[in-house]
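As structure tokens, the structure follows; a few thoughts come after it.
The values are calculated or read from the model by the stated rules, or taken from the named source; none is laboratory data. What you are looking at is a predicted structure, and each value in this text was computed from that prediction instead of being measured. Positions of Cβ are generated from backbone atoms using ideal geometry, with glycine treated the same way; all protein chains shown enter the neighbour counts.
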Amino acid sequence: MPDYGRLLRAGEGEAMFLLGNEAVARGLLEAGVGFAATYPGTPSSEVGEVLNEIAEEAGMYFEFSVNEKVALEGAAAASFSGVRSFAFMKHVGLNVASDAFISLGYTGVRAGLVVMSADDPSMYSSQNEQDNRHYAELAWAPLVEPSNPQEAKDFLVWAFDLSERRGTPVLFRTTTRVSHMRGIVRAGPRRPSSSRGSFARDPWRFSLLPAVARRLKGELMRRYGDLRMEAESSPLNRVLGSGSEVGAITSGAAYNSLMDALQLLGLEMDVLKLGMSNPFPEGLVAGFLEGHRTVFVVEELDPFLEVRTRALAQMRGLGVRIVGKMDGHFPLGYEYTPDVVAEAVASALGVRPPSPGLVELGEELPPRPPVMCPGCPHRATYYAVALALRQLKMRSVVFASDIGCYGMGFYKPFEMGDVTLCMGSSIGTANGFSQVTDQPVIAFIGDSTFFHAGLPALVNAVHNNHRMLVVVMDNGTTAMTGFEPPPNAQYGAGGRRLSPISIEEVARAIGAKYVRVVDPYDLRGTLSAIKEALGSDGVSVIVARRECALLRDAELRRRGERIPVYEVDQDKCAGCLNCVQDFSCPSFRVVEGGLVEIDPSLCDGCGVCAQRLVCPPAAIGESREGRERWGPGRRVGARARST
Ligand code: SF4
Ligand code: SF4
């Protein structure tokens, strides 16, 4: 576990080697933020990991909220009550929070309020790569874009000051490359945090009835005029270089790739680096365009700056050549590496492209699709569902899946992910499939996702008499992003004791006809419940509850207990390969002579494979050797406190 306490202890001027997201956390301390909330999502998750450790000591309230909209609404209320507040999320999280975010432009804020959106070009861990800079324009909000960890901290502090100075929420946009890069960060002075405030009533400002909103739109437009002036003179917008004929306008992570690309090409050019890119600083950009013959616009994802730059040049009758995505030189999608930028710049200037920056690999590496961990309870649940469907001879089943580790049910051998759109969409799309098809419908959803956005869809399913089986894969944590506690956990951020919400009681209260809790490690019991549920009418809910295997291991190691390991008795093994092909735990391997073995360094000792439903001749049993030699385990995430 990294020593996040150093973020608290670092004195002014001290240098630290920080991840972009750790620098954001330090920025919150320097800005005196008293309230922070998130729904975890990569690439923003590490901010939560840090705050989980240090918020309490810093005097800051921090929570993992049920979803991003609730996180932002809580932050808005804190700001209205005079507490500096911060809501952070991955880019698709802002879709969920956008209702509140756009309305906040109208109400404005009292204490500083910054919303961080961590975008994910190239979709390393996301279902799309939307460009959230558009949200700033949609909400008439200022947009701040850092390029490295030092800027992530410094710009964040500046964003809080701007928010308070102009009474506006600020959108702070990072991308994976900025959030996850490491760099030297010099600490600034810390402002004391206060998590307590007081709300002074002002319904004609904070209650957006149509009459109020109509009046506030005028104020919003006036405030936006002030923000335009802020952007013109913002210290975040800088011209670098001195007097080349060719220039470039850039922001965010694309700035780093541009500078590397120029080095690769052996070129120099003036660069207008925009750290505050909305409102678009027209005067500054026009001046830059006037001083150059050719100007590149280098930005990842959408031509956000380029559209504005071209419109500005047209309105002002400037004859400068503008090069970007819209004339086909730069790609419209995916992350920009230095090679991508260098190639585009070289082609536009007619200079020799650089030799490839990376060594070409001679051979294709074998594909390694993502797999569920050894001992993962989700594997056992999927296996039981597959058995049930086989035994009931059910075909043409529609599998609606969702966002989380269990999404790996998409891959062989289970192939139970026909449709996955976004958080909570499994039950939402199951509503539609149930209505327009005669096919059986099974929705898979995790516990955290169930609370995040699955609940309204379940209400809809019951209310509209739809027919489906909902399998809630309850491993007690938000495993994919770093083990953050969902609302069914007993302990929240910082180890605070909370009130866990029972998924089965919620499902029963909503009116689901058949609700059962099963232990996926008990294959026979799970199989029988799934078969019963598939034979029921209406909406059935099975809660497949078993702690995430990684959390269990961490706890066993912490207690100094051995992790059991299983082995195959070669005399009994019939060589059917069911354990390898149909159950597919990655601990199994087929060795010379077609023998099946269990790799003791991978086996997690769940014992599911030892059941006759996986291994008919009962050839698998617990080995006398455990993994006690592995020593004490580290604490994994917030949830480990509750195990
Ligand atoms: S399921 Fe059992 S019998 Fe079949 S290959 Fe695996 S260990 Fe051998
Ligand atoms: S006990 Fe069996 S199923 Fe469980 S982790 Fe070990 S090999 Fe895999």
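Of the residues 229, 315, only one is of a type in the set (A, V, I, L, M, F, W, C), surrounded by fewer than 17 Cβ atoms within 10 Å (Cβ to Cβ) and outside the structural domain of residue 134 (by TED's automatic domain parsing); which?
Numbers: 229 fails: outside the structural domain of residue 134 (by TED's automatic domain parsing).
Checking each option against the conditions leaves just 315.
For the stretch 614-627, how many residues meet the condition of being away from ligand 2 (no atom under 12 Å from the Cβ) and modelled with pLDDT of 95 or more?
3
For residue 48, indicate whether it is outside any helix (DSSP H, G or I), touching a strand residue (DSSP E or B) at 6+ places or on another chain (Cβ under 7 Å) and surrounded by 24 or more Cβ atoms within 10 Å (Cβ to Cβ). Write out each step before concluding.
Values: outside any helix (DSSP H, G or I): no; touching a strand residue (DSSP E or B) at 6+ places or on another chain (Cβ under 7 Å): yes; surrounded by 24 or more Cβ atoms within 10 Å (Cβ to Cβ): yes.
So residue 48 fails the test.
Which count do you get for residues in the stretch 131-154 that are assigned to a helix (DSSP H, G or I) and either over 17 Å from residue 303 (Cβ atoms) or not assigned by TED's automatic domain parsing to the domain that holds residue 105 (or both)? Break it down stepwise before answering.
We begin by selecting, within the stretch 131-154, every residue assigned to a helix (DSSP H, G or I); these are 133-138, 149-154.
From what's left, either over 17 Å from residue 303 (Cβ atoms) or not assigned by TED's automatic domain parsing to the domain that holds residue 105 (or both): 149-154.
Summing the residues that are assigned to a helix (DSSP H, G or I) and either over 17 Å from residue 303 (Cβ atoms) or not assigned by TED's automatic domain parsing to the domain that holds residue 105 (or both) in the stretch 131-154 gives 6.
Within the stretch 575-600, which residues are more than 7 Å from ligand 1 (Cβ to nearest atom) and outside any strand (DSSP E or B)?
Matches in the stretch 575-600: 581, 582, 583, 584, 585, 586, 587, 592, 593, 594, 599, 600.
Can you tell me how many residues within the stretch 433-449 are outside any loop (DSSP other than H, G, I, E, B) and over 14 Å from residue 469 (Cβ atoms)? Show your work before the answer.
Kept after step one, since they are outside any loop (DSSP other than H, G, I, E, B), are these residues of the stretch 433-449: 433-436, 441-449.
Then drop every residue that is not over 14 Å from residue 469 (Cβ atoms), which leaves 435-436, 446-449.
Summing the residues that are outside any loop (DSSP other than H, G, I, E, B) and over 14 Å from residue 469 (Cβ atoms) in the stretch 433-449 gives 6.
Determine if the stretch 535-547 includes at least one residue that is surrounded by fewer than 23 Cβ atoms within 10 Å (Cβ to Cβ), under 23 Å from the mean Cα position of the chain (by Cα) and assigned by TED's automatic domain parsing to the domain that holds residue 425.
yes
Out of the residues in the stretch 553-570 meeting the condition of being at pLDDT 90 or above and outside any loop (DSSP other than H, G, I, E, B), tell me which one is nearest to ligand 1 (Cβ to nearest atom).
568
Failed condition for residue 381, given (1) part of a helix (DSSP H, G or I); (2) under 22 Å from residue 125 (Cα atoms), with all others met?
Single failed check for residue 381: (2).
Could you pull out the residue among 247, 241 that is on the phi > 0 side of the Ramachandran plot and surrounded by 12 or more Cβ atoms within 10 Å (Cβ to Cβ)? Steps first, please.
Working: 247 fails: on the phi > 0 side of the Ramachandran plot.
The match here is 241.
How many residues are on the phi > 0 side of the Ramachandran plot and within 13 Å of ligand 2 (Cβ to nearest atom) if we restrict to the stretch 571-596? Write out each step before concluding.
Filtering the stretch 571-596 down to residues on the phi > 0 side of the Ramachandran plot leaves 575, 577, 584, 593-594.
Pick out the ones that are also within 13 Å of ligand 2 (Cβ to nearest atom) and you get 584.
Residues flagged as on the phi > 0 side of the Ramachandran plot and within 13 Å of ligand 2 (Cβ to nearest atom) within the stretch 571-596 amount to 1.
With the stretch 452-549 as the region, which helices (runs of 4 or more DSSP H) entirely inside it contain at least 1 residues that are out of contact with any His (no Cβ under 6 Å at 6 or more places or on another chain), touching a residue at least 24 places away in the same chain (Cβ under 8 Å) and among the acidic types (Asp, Glu)? Spell out how you get there, then give the answer.
On the way: elements: 455-463, 503-510, 523-534.
Per the criteria, 503-510.
Give 517, 568 a once-over and let me know the one that is within 30 Å of residue 587 (Cβ to Cβ) and in the same structural domain as residue 580 (by TED's automatic domain parsing).
568
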